[in-house]
Amino acid sequence: MASLIAGHARTYLKHGLHNASLELLSCGLVKVSVPSTMKWTPGQHVFVRFLTSDLHLLTAHPFTISSACRTPNESGKPSELVFYIKPRGGVTGRLRSMAAKSPGCTKKILIEGPYGGVSVPHMAQFDSILVIAGGSGGGFSLAMVDEALRLTGMAPSANEKDRSHSRNLQVVFSTRDHTMADWYIEEIESRISQSTMLSTDPDNGFETSVSVHGTAQRNSGCSSSSESDDVNGTGGKVPPTEVTTTGSFSLNVHRYARPDLSGSVARTVAMAHVQGTHVQKKQRVGVLVCGPASMLHDTRNAAAVAQGRVFGGEVEELYLHSEPFV
């Protein structure tokens, strides 16, 4: 046991102390921001130990990293680890209380990891990327989007110099909380708008499509149907899809509708086949998912079905990375 504790101590000391700032967002998530010189890849998670007496000092808690690792040469400042945490009981509930009481407060932490994730060389090879996320797994998708856009801003590799077409990035986010859906829309629009590659280098950048689904049903309270419909502004009908298109970026917002995950996977692979036929080069497809167990299950099944198109020679590769809530 002593040797195990010593091993963990060495892992934590390798990264040293960090200062984590806490912010309670309007959607209810706690945003934890940690300036750091450590390296990580998209989709990885770390174990965090909060060095405060009011939290479990000896307990490490896993959090998925929701930001891309950028060197000072790329951003002009140190990289920043970002975590979006859904407050529940215990430590996460106490984090929420601290962030609410003292917005922007700073806490000392130790970090172990990172673990898991998708390698940068592999990420750079995908011609089409489908990112699927649910609930607090939205932070995972933001990290993947950041990384995809970061790669387009780098000098093209030997493989990319021969690339004669735009790549496709599709994002599907689903949540029962419409407040969280609104937060996600604002957050992903902000991140994508910061990437000038969408318009300045279409041959190397991504054509990006984002689909946000707010799945909660309308309240069925004691008010009359007409009053309820008036409040929702729907008149008893499903509201139309909200569509925003700017350059190579499109955003589709679906209220009171669940995403068709199997259809999204099938369409992504089919589009990659068509694109590959057009450019006479078989495409590589990456499917990256983070969310509840049911979402992971449905996506895995859809990927297994779509794998037949790889065996049939229609696409070069179908890569699946699944990440449970952490």
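The values are calculated or read from the model by the stated rules, or taken from the named source; none is laboratory data. Since we're looking at a predicted model, the values are computed, not measured. Cβ: placed from backbone, ideal geometry, glycine included. Neighbour counts: every protein chain shown. The area values use the complete protein model at the heavy-atom level, side chains included, leaving out ligands, DNA and RNA. Shrake-Rupley method; radii C 1.70, N 1.55, O 1.52, S 1.80 Å.
You can think of it this way: the chain between THR52 and SER21 has 9.8 nm of extra reach, that is 0.36 nm per residue less the Cα-Cα gap. Accessible area per residue (1.4 Å probe, heavy atoms of protein chains only) ranks LEU169, LEU110 as LEU110, LEU169, with the largest value leading. For the range 20-143, carbon and sulfur atoms together expose 53% of the accessible surface, with a 1.4 angstrom probe and every protein chain in place. Cβ-Cβ distance of GLN280 and THR179, R₀ of 41 Å, FRET efficiency by 1/(1 + (r/R0)^6): the value works out to about 0.30.
Taken along the Cα-to-beta-carbon direction at a fixed 7 Å, the label points for ALA266 and GLN194 span 3.8 nm. Computed extension length for ALA124-THR106: 3.0 nm, one decimal, from 0.36 nm per residue of separation with the Cα-Cα distance subtracted. Spin-label pair GLN307-LYS39: with each label point 7 Å from Cα along the Cα-Cβ axis, the two points sit 3.1 nm from one another.
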